[in-house]
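What follows is a short report on a single structure.
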Amino acid sequence: MITQPAPEEALSVSDVAARIRAQITEDPLLSSCTVVGEVQSSMRSSAGHEYLTLRDAESTLECVRFRGSIRPGEETPVVGEVVLLVGRIDLYAPRSRYQMIASAIFRPGGMGLLSKELEALKQRLQAEGLFDAARKRPIPVAPEGIALVTSKSGAVLHDVLRVLRYAAPQSRLVLVHTAVQGATAPAEIVDGIQRANKLAKDEHRAGRSDAPAVILLARGGGSSDDLAAFSSEVVLRAIAASELPVLSAVGHESDITLADLVADDRAGTPSIGAARLAPNLDAVRRLPLQLAVRARDAVEILITRAAAAFESERRALVAAGPATRLERAEERLALTADDLSRAVRGHLRDALEGVQQAGILLGALSPLAVLSRGYAMVEGSDGSLVRSWRQAPAGTVIRVRLGDGEIGAQVTKSGKGGRDGGKAS
């Protein structure tokens, strides 16, 4: 049985970070090394520092080049490019995150193996016709049943539920849980698509009117590695073989996976995908304000946390005195400042994207867009919308608006009924 140790005998979090950092920095192989890898992501901050993520088939490595190591006019490496970085491995203690501090970069040219394999798969599927528009089916409007293939944890389920709760409360949502990243994700997504199809078939046979009529395949944003499962061949062939139409809603608006190309249609985000299936315009119009409030709150929390971390770092440097850690002070402060800047920009970008998405939703679900799908809108002679037969008794002059024009008519019969319940001439 383990007895409770005395608090003074325990290591502090900073002690642990310092010991790990000492092990890393004192290793001669890591204190001066060259690393080769394929660029998974890259960006240059407003302060001039460059952040890269290198990858191979099994691992990733975060890297930073400070502006003093970047030659004037030097371009940032592109995603998929193979690079050689010269530098050292260090530990960023505030985040307990090891990374490479690069002093030089060499670009031998060419794309990495992973990018080449992905492009070869894309070309092969395109040659088979899996991307052809002719094989794609229309996504049903306001389906009574929706199969959501995604993870039960994370924000996607909540985002989709929020949209449908406001905009399509009559729709039944069936969650088909799968992993959405990692080694098991491709097989689980395939199984999820197949389970959704089987459920729909069984419920149709049982006479359920709210059986799933469409699959919403969804995942939140992430790196190219995070989204890799949605470009795996087994998943793409499962999408193509699905009897239910598939609406792909993976990542952010700017994220494109091969699943987007094979699916019957694509939505920029899971929220947009849910709204595509929801006919309630009034509810969708409320989304921009909700998104803006959420983004504002998130940014405020982020700024508060980052400011506290920055102040903690400043105090640590002051307490250590000018003779210690001076060599790393600029690097650590630059990393903290850039972390804050990147995070705030990211949340502001998400807020802007949310408002833009709401605009896209309004456009897609506007009355004119609905009319173009074969519906009609009836107005009285004064331009008011006719919502009930009681507003148009016999003799009423009406205007029927269609997607490509309008028809003037007069009601000859009005009443509640079926196909022959009312007529206009």
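Looking across region 246-270 at every residue that is closer than 12 Å to Gly220 by Cα and charged (D, E, K, R), the one that is surrounded by the fewest Cβ atoms within 10 Å (Cβ to Cβ) is identified as Glu253. Whether any residue in region 124-133 is under 30 Å from Ala274 (Cβ atoms) and either assigned by TED's automatic domain parsing to the domain that holds Lys198 or among the small types (Gly, Ala, Ser) (or both) is what I want to check. Within region 124-133, one or more residues are under 30 Å from Ala274 (Cβ atoms) and either assigned by TED's automatic domain parsing to the domain that holds Lys198 or among the small types (Gly, Ala, Ser) (or both). Picking from residues in region 1-28 that are among the hydrophobic types (A, V, I, L, M, F, W, C) and part of a helix (DSSP H, G or I), the one that is surrounded by the fewest Cβ atoms within 10 Å (Cβ to Cβ) is Val13. Might you check whether a residue that is assigned to a helix (DSSP H, G or I) and surrounded by 15 or more Cβ atoms within 10 Å (Cβ to Cβ) occurs anywhere in region 211-221? No; the residues of region 211-221 include none that is assigned to a helix (DSSP H, G or I) and surrounded by 15 or more Cβ atoms within 10 Å (Cβ to Cβ). For region 235-261, filtering for residues that are modelled with pLDDT of 90 or more and over 22 Å from Lys201 (Cα atoms) leaves 6. Is it the case that region 184-201 has a residue that's under 17 Å from the mean Cα position of the chain (by Cα), in the same structural domain as Ala259 (by TED's automatic domain parsing), at positive phi and in contact (Cβ under 8 Å) with a residue 24 or more places away in the chain? No: region 184-201 contains no residue that is under 17 Å from the mean Cα position of the chain (by Cα), in the same structural domain as Ala259 (by TED's automatic domain parsing), at positive phi and in contact (Cβ under 8 Å) with a residue 24 or more places away in the chain. Scanning region 49-66 for residues that are part of a strand (DSSP E or B) and surrounded by fewer than 17 Cβ atoms within 10 Å (Cβ to Cβ) yields a count of 2. Given the criteria over 26 Å from the mean Cα position of the chain (by Cα), in the same structural domain as Arg107 (by TED's automatic domain parsing) and among the hydrophobic types (A, V, I, L, M, F, W, C), does Ile70 qualify? Yes, satisfied.
The values are calculated or read from the model by the stated rules, or taken from the named source; none is laboratory data. From a predicted model like this one, the values you see are computed outputs, not experimental measurements. Cβ sites come from the backbone with ideal geometry, for glycine too, and all protein chains shown count toward neighbours.
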